[in-house]
């Protein structure tokens, strides 16, 4: 179940921020349709474990395929709807998601710009922390690239580099070391 927002921010909670491609799903390159989206091993179980530990769960993903003209935002929405459906089938849910379609070398002029939402910038993380009751001091990001780790550091949260395999096995020790109360 998605978390309930706390507009007065009096009940701050830790959050798990997940990169998408290479972390939650197998990175098949620019994923432009649901048929090309496959969860990594135990991705849903990892998301579910984060919720069960009391964390909010978010996805932050660079999507330069839009800027490059490979697919549009409507196609990305279909992929994300599919992702949510796959997770829901296994009792897991993402509370919210941010993506950055921008790239400085974009083929499409509308998306050609530097953007602090594009990792390594912290914009997506900070926007979610502003929109939800997030305690950044107890939050973390799981990513697979240097830019993910740089975004985590820029947002002031811990970053953990996932090298593939079983996502739940990777996340469990992080949760065990986290102070949630």
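The values are calculated or read from the model by the stated rules, or taken from the named source; none is laboratory data. A quick note: this is a predicted structure, and the numbers were derived from the prediction, not measured. Don't worry about glycine lacking a Cβ; one is built from the backbone with ideal geometry, like all the others, and counts go over all protein chains shown.
To keep it simple, each residue is scored yes or no on (1) at pLDDT below 95; (2) part of a helix (DSSP H, G or I); (3) within 24 Å of residue 25 (Cα to Cα).
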residue	(1), (2), (3)
110	yes, yes, no
118	no, no, yes
121	no, no, yes
151	no, yes, yes
159	no, no, yes
165	no, no, yes
168	no, yes, yes
172	no, yes, yes
179	yes, no, no
Does at least one position in region 11-26 carry a residue that is modelled with pLDDT under 95 and not in a helix (DSSP H, G or I)? yes
Single unsatisfied condition, residue 44 versus (1) in a helix (DSSP H, G or I); (2) under 16 Å from residue 88 (Cα atoms); (3) in contact with a strand residue (DSSP E or B) (Cβ under 9 Å, 6 or more places away or on another chain): (3)
Close pairs (8 angstrom Cβ cut-off, 6 or more residues apart or separate chains): on the phi > 0 side of the Ramachandran plot and modelled with pLDDT of 95 or more in region 29-42, surrounded by 14 or more Cβ atoms within 10 Å (Cβ to Cβ) and part of a loop (DSSP other than H, G, I, E, B) anywhere: 42/166
Do the conditions hold for residue 136, that is, is it at pLDDT 95 or above and under 14 Å from residue 17 (Cβ atoms)? yes
Conditions: (1) under 13 Å from the mean Cα position of the chain (by Cα); (2) part of a helix (DSSP H, G or I); (3) surrounded by 22 or more Cβ atoms within 10 Å (Cβ to Cβ). Residue 127 meets all but one. Number of the miss? (3)
Among the residues of region 93-108, are any touching a residue at least 60 places away in the same chain (Cβ under 8 Å), crowded, with 19+ Cβ neighbours inside 10 Å and part of a helix (DSSP H, G or I)? no
A careful count of residues in region 47-87 that are touching a residue at least 60 places away in the same chain (Cβ under 8 Å), surrounded by fewer than 21 Cβ atoms within 10 Å (Cβ to Cβ) and outside any loop (DSSP other than H, G, I, E, B) gives 1
Residues of region 156-169 being in contact (Cβ under 8 Å) with a residue 60 or more places away in the chain and out of contact with any strand residue (DSSP E or B) (no Cβ under 7 Å at 6 or more places or on another chain), which ones? 164, 165, 166, 167, 168, 169
